Amino acid sequence: MTNKWIRRLADVNKELLLILSIIVAAGLVNFFISGQRLVLSFYNLPTLLAAYYFGRRRAVEAAVASILFVVWMDIMNPTVLGNGLGLGAQHLMAWSDLAVWAGFLLISAYATGSLYEVGVRRLRELQDAYFGVLQILTQFIGNDKFTQNHSYRVSVYATRIAEEMRLPESRTEDVRAAALLHDIGKLETSRDILYKAARLSDDEIKEMKTHVEKGVGMLSPVGGSLRRVLPIILAHHDKFDGSGYHPTRGNEIPIEARIISVADVFDSLVSDRPYRKGLSPFEARDIIVKGSGTDFDPSVVKSFESAFRKQKMEVPEVLV
């Protein structure tokens with residue numbers, strides 16, 4: 001909990017630092033440009049940027065900070081804003097201009113920040129619909145119940161590892177989508193192989209390995225953000241030392257694929273299969289740790305261990 005608040009405080013400090021730095025930069029402009037109306041226009045920048053990047057609350061805060069900063073400057077040096085504001089009747093027009101500017105700045109901050117939040121909300125609704133469609137799709141493409149539930153569990157595990165690694169939200173969403181669809185190629189794999197109660201022969205292993213290319217081929221016609229997951233699906237069986245399905249190794253493998261690789265193996269180890277009983281989560285964890293640097297990316301394994309200790313590598317029974 002403490003670490004969470006520290007990270008949150010660090011994020012807030014970055015936002016405030018950006019806003020305050022722009023306000024200070026606008027203040028420096030006062031020394032080079034004369035004319036109150038022109039100078040005040042520079043103080044719109046912090047508000048616009050805060051609205052664009054952080055939303056309504058930060059935009060209003062930036063607007064208030066800009067207004068207070070301008071008033072403070074005038075008190076300290078009445079000539080800093082062009083001809084100066086002053087306290088006499090002859091400066092009434094200058095003060096009225098400042099009041100009108102401050103009012104419009106606050107209104108602009110509220111309105112622009114609100115538009116930003118509406119856009120964010122609609123994007124989240126679209127993402128929810130997108131992943132809802134993906135989950136419905138997995139209901140249709142699963143050749144067997146194990147494959148269907150396995151893909152869902154892998155998506156949960158992989159997402160939690162990605163969050164532990166603090167991947168950007170967009171890349172975390174790509175991890176989730178790729179994990180849901182990583183075994184889609186098994187739709188074209190023989191059910192006899194999928195259901196076989198004994199270990200697979202060499203020819204059957206070769207047939208099983210083709211599900212990766214088959215899956216990418218099935219998804220290739222799809223456009224939009226789903227196209228980004230194709231390289232991830234293609235590489236999710238690649239190993240860190242280059243001994244996987246493809247000769248790629250290390251950082252040549254997309255980080256999203258390296259995450260799914262750990263989640264995929266973890267779920268396979270703890271799940272019952274036709275030819276063996278599932279291992280305990282602790283036994284599966286030890287196997288993954290032993291594969292660090294060979295089968296798996298050490299940084300991903302470290303985040304996996306961290307999530308495991310925090311009991312994040314669990315799926316509610318109702319979803320299993």
| query | How many residues are open to solvent by less than 50 Å² (accessible area, probe 1.4 Å) and among the β-branched types (V, I, T) when one looks only at segment 290-301? | reply | 2
| field | Residues that are small (G, A, S) and touching a His at 6+ places or on another chain (Cβ under 6 Å), drawn from segment 148-196 | value | G185
| query | What number of residues within segment 186-233 are of a type in the set (A, V, I, L, M, F, W, C) and either modelled with pLDDT under 75 or open to solvent by 50 Å² or more (accessible area, probe 1.4 Å) (or both)? | reply | 11
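For (1) charged (D, E, K, R); (2) at pLDDT 65 or above; (3) open to solvent by 30 Å² or more (accessible area, probe 1.4 Å), each residue gets a yes or a no:
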{"position": "R37", "(1), (2), (3)": "yes, no, yes"}
{"position": "L45", "(1), (2), (3)": "no, yes, yes"}
{"position": "R58", "(1), (2), (3)": "yes, yes, no"}
{"position": "E61", "(1), (2), (3)": "yes, yes, yes"}
{"position": "S66", "(1), (2), (3)": "no, yes, no"}
{"position": "V71", "(1), (2), (3)": "no, yes, yes"}
{"position": "L81", "(1), (2), (3)": "no, no, no"}
{"position": "A89", "(1), (2), (3)": "no, no, yes"}
{"position": "G113", "(1), (2), (3)": "no, yes, no"}
| task | Could you tell me whether R309 is open to solvent by 30 Å² or more (accessible area, probe 1.4 Å), among the basic types (K, R) and within 19 Å of M208 (Cα to Cα)? | result | no
| Looking at segment 241-258, is at least one residue open to solvent by 30 Å² or more (accessible area, probe 1.4 Å) and hydrophobic (A, V, I, L, M, F, W, C)? | no
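The values are calculated or read from the model by the stated rules, or taken from the named source; none is laboratory data. This is a predicted model, so every value here is computed, not measured. All Cβ positions, even for glycine, are placed from backbone atoms using ideal geometry, and neighbour counts span all protein chains on display. Side chains are part of the model used for accessible areas, which takes the heavy atoms of the whole protein and leaves out ligands, DNA and RNA. Shrake-Rupley method; radii C 1.70, N 1.55, O 1.52, S 1.80 Å.
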